[in-house]
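Notes to accompany the following structure.
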Amino acid sequence: MENYFSIQDIDSLSNWIDEATAMKKKPLANKTLGIDKTIGLLFFNPSLRTRLSTQKAALNLGMNVIVMNFTGEGWSLEYGDGTIMDQGNSEHVKEAAQVVSQYCDVLAIRAFAKLENREEDYSEKVLKNFIKYTTIPVVNMESATGHPLQALTDAITIAEYRKTDKPKVVLSWAPHPKALPQAVANSFVEMMQRTDAHFVITHPVGFELASQITKEVPIDYNQENAFKDADFIYVKNWSSYADYGKTLEDNSWRITDEKMKLTNNAKFMHCLPVRRNVVVDDIVIDSENSIVIEQANNRTYAAQLVLKKILESK
Ligand code: SN0
């Protein structure tokens, strides 16, 4: 595998889940695979799980890790072709990407959607330009439109906790005070289309994800109806795709204990970070059915599997 840009880069999901499960049991089984290899992690946005789990994954494979935050530390980068660079941006991605390629063997990048210009976000300007100008493999640590390491984690976690071959999985929108990207939801939707699951999305009218991503997935605008008989409730806020970046603070969509009681004793999932008592009530996230901490634990094995695939094909 050259790059891990989206979940389309997964050739066989069932094999990957089996391999990740084995890796979780013996995390140090390949502790010399990455010896003398360096991964560079570039962050244009904050991170807790992604940063630490990707580092941990690289260390488990014997790699060296270097991390750089562009939030205030790096030069602000220019991406336009032929731009006269007399404004705020100091360095072009052409040089930055080639330079970083000399120091590293693998590059991982986080660059969220700016939620100002839909066309620009969905063109994946940052990730696509780094892929274009680097000479080393690139891993997506959440780009403008996708979070494929999270989606792989989610598939591993659902496989670990499911009690039937075809569980009912519900992706539910929940309120949030800030406008958030669609990336996590997009990749989760794509992943559920590749998984044997009875999958339903529930959100307020106007919060439809891009139809090129949701395709035939059923949407239920009635959250309580969608929750009936669910085995997994996967919660995420996202801002509007149609009215790009618009938010809605509708408290009636918050995840409550009453709503969880409508389910088939469903597991509660969230990628974190989560706003307690805005997105989800304490009683739900603190309940025995909440698997958010183990879900975050699986981030390491998703990242480690991706890095292993890249190292093996180099
Ligand atoms: C990000 C998102 O894409 O929704 C990262 C999730 C893994 N989440 C946030 O930015 C939450 C920020 C907040 O203030 O709650």
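For this structure, a couple of remarks:
- Taking 22 Å as the straight-line reach from the Cα of residue 125, the lysines in range (excluding those fewer than 8 positions away in the same chain) are 94, 114, 246.
- With the convex hull constructed from alpha-carbon coordinates only, the stretch 260-314 shows a mean projected area of 4.9 nm² over all directions.
- Alpha-carbon radius of gyration plus Dmax, which is the widest Cα pair, for the chain in Å: 19.5, 59
- Exposure proxy order (Cβ contacts within 10 Å, fewest to most) of 214, 135: 135, 214
- Taking only the C-alpha atoms of the stretch 1-76, the Rg (one decimal) and the largest Cα-Cα distance, Dmax (whole number), read 14.4, 42 Å.
- Sites matching GluC sites (Glu not before Pro) across the stretch 101-181 that sit in DSSP coil, with at most 13 neighbouring C-beta atoms within 10 Å: 116
- Other residues within the sphere of radius under 14 Å centred on the Cβ of residue 256, judged by their own Cβ, net out at -3 (K and R +1, D and E -1).
- Cross-link reach list, lysines versus residue 31, counting only Cα pairs under 18 Å and skipping chain neighbours closer than eight places: 56, 308, 309, 314
- Listed residue (149, 307, 200) projecting farthest to the positive dipole end of the chain, Cβ model: 307
- Computed on the stretch 154-307, the Cα convex hull volume stands at 110 Å³ per residue.
- C-alpha long axis of helix 13-25 to longest principal axis of the chain, angle in °: 80 degrees
- Rounded if a/c under 1.5, otherwise prolate or oblate - the stretch 113-209, Cα gyration tensor axes: oblate
- Spin-label pair residue 123/residue 165, simplified geometry with 7 Å Cα→Cβ offset, distance in nm: 4.6 nm
- The charge dipole of the chain, taken about its Cα centre with unit charges on the Cβ atoms of Lys, Arg (+1), Asp and Glu (-1) only, comes to about 820 debye.
- Taken about its Cα centre, the stretch 138-223 carries a charge dipole of roughly 120 debye when the Cβ of each Lys and Arg holds +1 and the Cβ of each Asp and Glu holds -1.
- Proximal lysines relative to residue 228, as straight alpha-carbon distance under 28 Å, when same-chain residues fewer than 8 apart are discounted: 163, 166, 168, 215, 236, 259, 261, 267
- Taking the longest Cα principal axis of the chain as reference, the axis of helix 183-193 is set at about 70 degrees.
- Sparse-neighbour loop sites [trypsin sites (Lys or Arg not before Pro); the stretch 130-208; at most 12 other C-beta within 10 Å; DSSP]: 163, 178
- For the stretch 204-252: rounded, prolate or oblate by the Cα gyration tensor [a/c cutoff 1.5]: oblate
- Using just its DSSP H runs of length 4 or more, each adding -39500 (n - 2.57), the chain gives a mean residue ellipticity at 222 nm of -10500 deg cm²/dmol after division by all residues.
- Cβ crowding within 10 Å, taken as a proxy for footprinting-reagent exposure, orders 54, 38 from fewest neighbours to most as 38, 54.
- Only the Cβ atoms of Lys and Arg (+1) and of Asp and Glu (-1) were treated as charged; on that basis the dipole of the stretch 1-88 about its Cα centre amounts to roughly 780 debye.
- Which of 157, 263 has the fewest Cβ neighbours within 10 Å, and the rest in rising order: 263, 157
- Kirkwood Rh, Cα atoms: Rg over Rh of the stretch 166-217: 0.95
Every read-out reported here was derived from the displayed coordinates using simple, explicitly stated rules and does not represent laboratory data. Everything numeric in this text was worked out from a predicted model, so none of it was measured. Don't worry about glycine lacking a Cβ; one is built from the backbone with ideal geometry, like all the others, and counts go over all protein chains shown.
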